[in-house]
Amino acid sequence: MEMKKSLMVKIGLIILIILGTGWLTFFKETRLGLDLKGGVYVVLEAQATDDLKVDDEAMKRLIEVLDRRVNSLGVTEPTIQRSGDKRIIVELPGVKNTEEAIKLIGKTALLEFRMMEDGEMGDVLLTGKELQKADVSFDNLGRPQIAFELTTKGAKVFAQITRDNIGKQLAITLDGEKQTAPTIQSEISAGRGVITGQYSVDEAKNLATLLNAGALPVRVELLETRSVGASLGEKSIAQSYQAAIIGALLIMVFMVIFYRLPGLVADVAIIIFAIISFGTLNFVDATLTLPGIAGFILAVGMAVDANVIIFERIKEEMVLGNSVLASIDNGFKKAYVAIFDSNITTLIITSILFMLGTGPIKGFAITLSIGILASMFTAIIVTKLLLKGFVYLLKVKSTVLFGVKEVK
Amino acid sequence: MKIMEKKNIYLGISIVLIVISLLSLGIKNFNYGIDFTGGNILQLKFEKNIDMESLDKVLEEIEIGYPVLSSRKVQISEGNVGIIRTPEINELEKGNILAELEKKYLKFEIQKSDKIGSTIGKELKWKAINALLIASLLIVGYITIRFEFKFALAAIIALFHDVIITLGVISLMGSEINSPFIAAVLTILGYSINDTIVVFDRIRENLKKNPSKSLGDIIDNSITQVFRRSINTSVTTLLAISAVLIFGGASIRTFITALLIGVLAGTYSSIFVASPVVDMLEKGEKVTLK
C-alpha cells in the first residue's frame, strides 16, 4: 500500500508538470530572437574625446537618450543594455524599417546655431540642449519642415542673438552639417523657429524624434549592426519547424524498430520531453534563436541517449536471467551514474557558452541546457514510471518485448 | 571486441586524420566570415530574376563613387537573392550604395544586413580560444574528481582529436565560418566528452568488480558492453542533425556540418582513442580508483 501511495504522488506530480509546461508551451507566446522575428541588433561604443571622458555618468545619460529614441519607434520589447565599460547593446526585435532604425540609434543629433560670417560658420551660440520640443510641420508649399520651441533660457539667448544680428545669416547645423541658414529679419523673442532642409516627410519625422530625444552626450561608433528582415525570419521558422518534426519522427521510428516496447516508451518520453523543455523555455522567458532551435533538435537526439543507456542496461540485466521488473530496477540504478556524469560535463560547456556568447549563441546554450535537464528528468523519472506502468498494466512477463530472447 | 589488440591501427587512423587536418589548417586556413574579419554583408531579395553578370556590372558602376566596393564578393542564391560581401562600410555610405543599386538595377527587399567592426572580429577569436581553454580545464577538473587524472588526460586528448578533425574538415571544405561555428565546436566538446564518459563509467565499474584483471581486458570488455549504446546514440543524434542539415535552411549549414563531423569523430574517439590512451598512460601500473 505504501509503495502505491508514493507512486500515486509521483504520477500526480508528473502529470502536473506536464500540464503546466504543456500550458506554457501552447498558450504562452515564445520570445523570438532577431534572426527569427526580424529586427535590429546594434553594438555601439562611446568614443572619448579631448574634452569628454567616457565615465559611468556619460554612459548613463547615453542609455537614457537611446531609450527615448528607441521608445519613439514603437518596438514592443526593446532592450538597451550596457556591455563592459564603453559599450551598449541595443536590440529591437520586430522593427520594420531596419535601416532607419540603425540611423536613428547611431546619430549624435547635436543641434547647433551659429552665425555665418563671410560664408564661413562662426562659433556655436546655442545648442540643442536648450530645445523644449520639435515637431514636423509644413510650409506654405506643403514641404515638411521642423518647428522647434526653445526653453525659457534658450529663448532669451535666441532673442539676444537675433536682435544683435538682424540682416545676417543664422546657420542651423546638425552634427556639424548645415541644414539651413536663413537671414534674420527681426528679433525673435518667442523662442520658436523652423528648420527648413530638403527633407522628405520621413526624414523630418526622424529628425524631430532625434531632437526631442536629445543629442547623444558622447560620440558613438557602431561596432556591429545586424538586421534581419521579417520575411527571412518567417522562412527560417518554417524550415526549422519542418526539420524538427522530421528529425523527431526519424528518431522515434528508429527507437521502436530497435527497442520495441521500451522504444515506444522512449517515444512517449520524447514527446513529454519536448513539451517540458519548450514549456520551460517559455517559463523562463528565454529567447528562441535559430541556433537555439538547432540546440533543441540536438537535445532530442541526446535525450534519447539517456534512454538508450538505460535500455541497454535493462537488456543486459535480462540476458543475465533477471525478471522483467528486477531488470528495469537494476538497469535504471546502474545507468544513473553514467547519465549524470556525462550530462554534467555537457552542462559545463553550455554554461561557458552562455557566459561568453552573444545573442544567437546564448540562445543555443539556453535551449541545449534546458534540453539536457529536461532529458535527464524524463529519462530517469518519466521513462521509468511509464515502463513499469506498461509492464504492470500489460502484465509483461516475457523479455521478448524488450528485444531480448527468452532466457531459459 | 578486441580493441586493444589493434589499437595501433585505430590510433594510426586518427593520427593520419589529425595530420591531414593540421596541414589543411596550416596551409589553407579557414574561410573566415565577417564575424571574424569585420566587414559588411548584404543579402538582398530582388523583385525579378537576377544574374551574376548584370549585378556585378551595376556594382562596378557604383564602385566609381564608392571604392570600398572594389574588393566585394558577390554571390547569387535561390529566390532572386544576391549576397554582397564588402570590407567595412559606414551606415551613410551603405545607404547611398543601396539607393544607387535600386535606381540603377532592380527593386529589392533587404533580407539581411550585417556590419561587423574589425575590433569585434578580433575579440571573437580571443573569446573562442578562451572558451575552449576554460572548457577544457573545467572538464579535466571534473573528470579528475570523478575518475582520475589519467582518464581526464585521455578524455582531453580524445576531445582535441575531435575538435582538430572537425576544424580540419571545415577548413578543407572551405566553408565560411562565423560565430555560430564556435558554438558548434564547443557543442562537439560536450558531445565528445559525454560519449567518452559513458565508456569510462563502464571501465570504472568493471575495474571495481574485477580488480585482478588487466586494464586492457577490462577496457575491451567495457567497450563491448557500451558499443551498441555508442552507435545507437550516434545514430539518433545524427538523424536529428541530418534533418536540420537537409531541411533547416542555408544559414546554419556550416554550423550543422561541423556538428555532423564532430559527432562522427566523437563516436570514433570515445571507442578507439580515449580508452587505448588510458591504457598507454597506464603502462602496466595498477589503476587506483576513487
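The values are calculated or read from the model by the stated rules, or taken from the named source; none is laboratory data. This one's a predicted model, so the numbers in the text were calculated from it and none came from an experiment. Note that we place each Cβ from the backbone using ideal geometry, even for glycine, and neighbour counts take in every protein chain shown.
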- Item | Selection count where residues are surrounded by 21 or more Cβ atoms within 10 Å (Cβ to Cβ) and not hydrophobic (A, V, I, L, M, F, W, C), scope the range A:19-62 | 8
- Message: With the structure loaded, tell me whether A:SER83 is surrounded by 15 or more Cβ atoms within 10 Å (Cβ to Cβ), out of contact with any Gly (no Cβ under 9 Å at 6 or more places or on another chain) and of a type in the set (S, T, N, Q) or whether it fails that test.
- Response: no
- Within the range B:24-36, count every residue that is part of a helix (DSSP H, G or I) and either crowded, with 19+ Cβ neighbours inside 10 Å or free of Cβ contacts under 8 Å to residues at least 40 places away in the same chain (or both). 6
- Message: Please list, ordered by residue number, the strands (runs of 3 or more DSSP E) wholly in the range B:54-151 having 2 or more residues that are facing chain A (nearest Cβ under 8 Å).
- Response: B:108-116
- Quick one: count up the residues across the range A:16-71 that are out of contact with any strand residue (DSSP E or B) (no Cβ under 6 Å at 6 or more places or on another chain) and part of a loop (DSSP other than H, G, I, E, B). 7
- Message: When you scan the range A:282-298, do you find a residue that is of a type outside the set (A, V, I, L, M, F, W, C), part of a helix (DSSP H, G or I), within 13 Å of chain B (Cβ to nearest Cβ) and out of contact with any Gly (no Cβ under 9 Å at 6 or more places or on another chain), even just one?
- Response: no
- Task: Return the residue satisfying two criteria in turn: it lies in the range A:350-408 and is modelled with pLDDT under 85 and among the hydroxyl-bearing types (Ser, Thr, Tyr), and of such residues it is nearest to A:PRO78 (Cα to Cα).
- Result: A:THR358
- Can you tell which of A:ILE257, A:ILE188, A:ILE195 is over 26 Å from the mean Cα position of the chain (by Cα), surrounded by fewer than 20 Cβ atoms within 10 Å (Cβ to Cβ), farther than 30 Å from A:ASP85 by Cβ and in the same structural domain as A:GLU149 (by TED's automatic domain parsing)? A:ILE188
- Query: Do the conditions hold for B:ASP195, that is, is it facing another protein chain (nearest Cβ under 8 Å), assigned to a helix (DSSP H, G or I), touching a residue at least 60 places away in the same chain (Cβ under 8 Å) and out of contact with any Pro (no Cβ under 8 Å at 6 or more places or on another chain)?
  - Reply: yes
- Message: Condition first: buried (at least 24 other Cβ atoms within 10 Å of the Cβ) and hydroxyl-bearing (Ser, Thr, Tyr). Now tell me which residues in the range B:184-221 satisfy that.
- Response: B:THR187, B:TYR191, B:SER192, B:THR196
- Query: So how many residues does the range A:215-254 have that are in contact (Cβ under 8 Å) with a residue 60 or more places away in the chain, among the small types (Gly, Ala, Ser) and surrounded by fewer than 19 Cβ atoms within 10 Å (Cβ to Cβ)?
  - Reply: 2
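Of all strands (runs of 3 or more DSSP E) completely enclosed by the range A:151-266, which ones contain at least 3 residues that are within 18 Å of A:LYS107 (Cα to Cα) and within 14 Å of chain B (Cβ to nearest Cβ)?
A:219-228
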- Run A:ILE349 past the list (1) at the interface with another protein chain (Cβ under 7 Å from one of its Cβ atoms); (2) of a type in the set (A, V, I, L, M); (3) in contact (Cβ under 8 Å) with a residue 40 or more places away in the chain and report the number of the one that doesn't hold. (3)
- Top-ranked residue in the range B:106-142 [being crowded, with 21+ Cβ neighbours inside 10 Å, of a type outside the set (D, E, K, R) and modelled with pLDDT of 90 or more; ranked as farthest from B:ILE50 (Cα to Cα)]: B:ILE116
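For every residue, the table says whether it meets (1) assigned to a loop (DSSP other than H, G, I, E, B); (2) within 12 Å of another protein chain (Cβ to nearest Cβ).
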| site | (1), (2) |
| --- | --- |
| B:SER171 | no, no |
| B:PHE181 | no, yes |
| B:TYR191 | no, yes |
| B:PHE200 | no, yes |
| B:SER212 | yes, no |
| B:GLY216 | no, no |
| B:ILE231 | no, yes |
- Any residue in the range A:371-394 that is in a loop (DSSP other than H, G, I, E, B), under 16 Å from A:PHE311 (Cβ atoms), free of Cβ contacts under 8 Å to residues at least 60 places away in the same chain and not hydroxyl-bearing (Ser, Thr, Tyr)? no
- Item | Pick from the range B:56-83, criterion among the β-branched types (Val, Ile, Thr) and touching a Lys or Arg at 6+ places or on another chain (Cβ under 6 Å), ranking: surrounded by the most Cβ atoms within 10 Å (Cβ to Cβ) | B:VAL81
- Task: Kindly check whether there is at least one residue in the range B:250-266 that is closer than 18 Å to A:GLY301 by Cα and without any contact (Cβ under 8 Å) to a residue 12 or more places away in the chain.
- Result: no
- Could you please find all residues in the range A:352-385 being of a type in the set (Val, Ile, Thr), closer than 17 Å to A:ARG31 by Cα and at the interface with chain B (Cβ under 7 Å from one of its Cβ atoms)? A:ILE361
